[in-house]
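Reviewing the structure listed below.
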Amino acid sequence: MSADRIDGLDRIEEHLAGPEEADALVDLSNVVRDVRLGDRRQQRSLDRLRLVIEALARRVGDRDVKVYAIADGSLRAPAGYPDRAQPRWLARWIDRGLVEQAEDADPPLLELADVTGLPVVSNDDFADFRVDHPWIQGDTTQFLGFVPILKGAGVLLRERDMGVRSPAQISRKLEESDLKRHGLLVGRNRRPLTEVVKRAWRCPERGCSLYDSRRGIAVRLPYVRQGVPLCELHRAPLVDDGPRTGIVQLKLLVDGACVHRFTLEADATVELGRSPDPDGIALYGLLPEGVRGRVSRRHLAARVEENVLLVRNLSAGGTRLRHHGAPEWKPLAEEFVPFHVNDVVELVPGVTVTRSARRYPPEIAAAWRGTARRLTGSGPAQAATESW
Ligand SMILES: [Zn+2]
């Protein structure tokens with residue numbers, strides 16, 4: 001485990017990324033204020049984020065794992081930190097767009113979770129958000145709780161059973177938090193945006209295919225004015241074209257660090273290998289010289305059927321599969337078998353493929369961030385996000 005240890009706040013920064021690149025979302029206040037982790041004497045410590053990142057790296061099998069952390073506005077105040085450097089680092093991350101700051105972190109955290117499908121590291125129950133986010137009810141996969149191990153020197157992440165809160169429990173929580181939410185009307189008005197980005201849109205103008213979702217996997221998000229999605233070209237209100245198709249994203253890792261991500265299209269089979277057919281994914285240029293030759297020309301086939309990802313071995317040298325939580329590798333079959341988030345296939349020693357938890361294209365997360373900032377004035381002004 002010592003090899004996985006991240007030292008210092010500058011090393012934490014290497015694991016912070018925008019929601020387009022992140023492997024997980026972190027409820028930063030929840031982590032930083034948990035006195036069971038790390039030094040118990042500290043009310044707050046950014047070092048607790050390090051423990052969570054190390055646990056995530058082990059969980060997803062990527063030592064370069066990236067997280068997008070969302071912080072309550074109050075977390076920036078210097079009180080309670082072990083030194084003055086920590087709140088300065090936090091301010092720097094917020095200014096660089098590596099950490100999202102919101103008056104209340106919960107609404108953006110849950111909206112991003114909803115539009116990306118990424119896991120949320122938090123021990124919070126989110127009882128008062130179950131009306132706005134009914135998907136939390138009964139969820140057993142998307143929330144990762146953290147518990148201290150090794151007397152607080154480490155963290156264990158495990159999937160939480162969020163349970164189902166009764167309407168009575170929810171309304172009591174809502175009343176308690178009503179005052180807190182009263183100042184968040186802008187935040188609540190953002191809600192329709194998650195609905196906009198999760199649906200496909202079509203321009204009513206004849207011949208306009210600007211938003212055509214059937215033209216490959218490129219994503220163009222509508223321009224939204226006062227909650228109405230408009231065609232950028234014709235300024236006409238767009239027609240709802242049904243739910244947006246989810247994506248499946250694979251990560252290629254060399255020696256446990258992600259070197260490339262691929263997005264797979266639904267209902268198509270794609271081959272990965274050193275140099276597969278032109279329709280396949282060529283790994284040649286992505287692999288270091290020493291291992292290139294050991295990967296077969298056609299090594300692995302992947303297929304997405306109704307959001308289920310299937311993989312099968314094509315290589316005479318074999319491919320190994322390890323399901324999430326399983327202790328041992330086993331040979332990957334020649335017939336298609338399901339491949340879940342956090343499962344790993346090994347093409348040759350040191351070259352592995354995993355599946356990201358992301359369920360919508362990264363552009364969605366980018367657009368969400370741009371618009372959320374514009375509406376709330378949080379984070380740095382970013383001219384680029386105005387263009388969509
Ligand atoms: Zn148009």
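By the beta carbon rule, with partners counted only under 4.7 Å, the chain holds these lone Cys residues: C258.
What part of the accessible area of segment 43-90, given as a whole %, is carbon or sulfur when the probe is 1.4 angstrom? Solvent-exposed carbon and sulfur of segment 43-90 make up 47 percent of the total. Looking at the chain, the accessible area is 47 square angstrom per residue; that uses a 1.4 Å probe and ignores ligands, DNA and RNA. Semi-axes of the equivalent ellipsoid of the chain are 34, 30, 19 Å, computed as sqrt(5λ) over the eigenvalues of the C-alpha gyration tensor in descending order. Database remark: amide H of H133 closer than 5 angstrom to no amide H (H placed geometrically; neighbours at sequence offset of 5 or more, or on other chains; Pro and chain starts carry no H). Note that segment 28-38 has calculated 3J(HN,Hα) couplings of 4, 4, 4, 7, 5, 9, 7, 6, 6, 9, x Hz, one per residue in order, obtained from phi through the Karplus relation 6.51 cos²θ - 1.76 cosθ + 1.60 (θ = phi - 60°); glycine and proline are x. In order along segment 268-283, phi translates into HN-Hα couplings of 10, 9, 10, 9, 10, x, 4, 8, x, 4, x, 7, x, 9, 7, 9 Hz, rounded to whole numbers, per the Karplus curve 6.51 cos²θ - 1.76 cosθ + 1.60 with θ = phi - 60° and x for Gly and Pro. Put simply, the amide H of H299, placed in the peptide plane, has neighbours under 5 Å in L272, G273, R274, leaving out anything fewer than 5 places away on its chain.
Here's the list of aspartates and glutamates a cross-link from K251 could span, going by alpha-carbon distance under 16 Å and ignoring same-chain residues fewer than 8 apart: E20, E21, D23, D62, D64, E265, E271, D343, E346. Between segment 224-279 and segment 290-331, the alpha-carbon centres lie 22 Å apart. Computed over segment 208-337, the P(r) curve from all C-alpha pair distances, binned at 10 Å from the origin, holds 10, 33, 27, 16, 12, 2 percent per bin. Residues whose amide H falls under 5 Å from that of V259, counting only those 5 or more places apart or on a different chain, are L252, L253, V254, with hydrogens built in the peptide plane.
The values are calculated or read from the model by the stated rules, or taken from the named source; none is laboratory data. Values in this document were obtained by computation on a predicted structure and should not be read as measured data. Ideal geometry is used to build each Cβ from the backbone, glycine not excepted, and the neighbour counts take in all protein chains shown. Areas reflect the complete protein model, heavy atoms only, side chains present, ligands, DNA and RNA absent. Shrake-Rupley method; radii C 1.70, N 1.55, O 1.52, S 1.80 Å.
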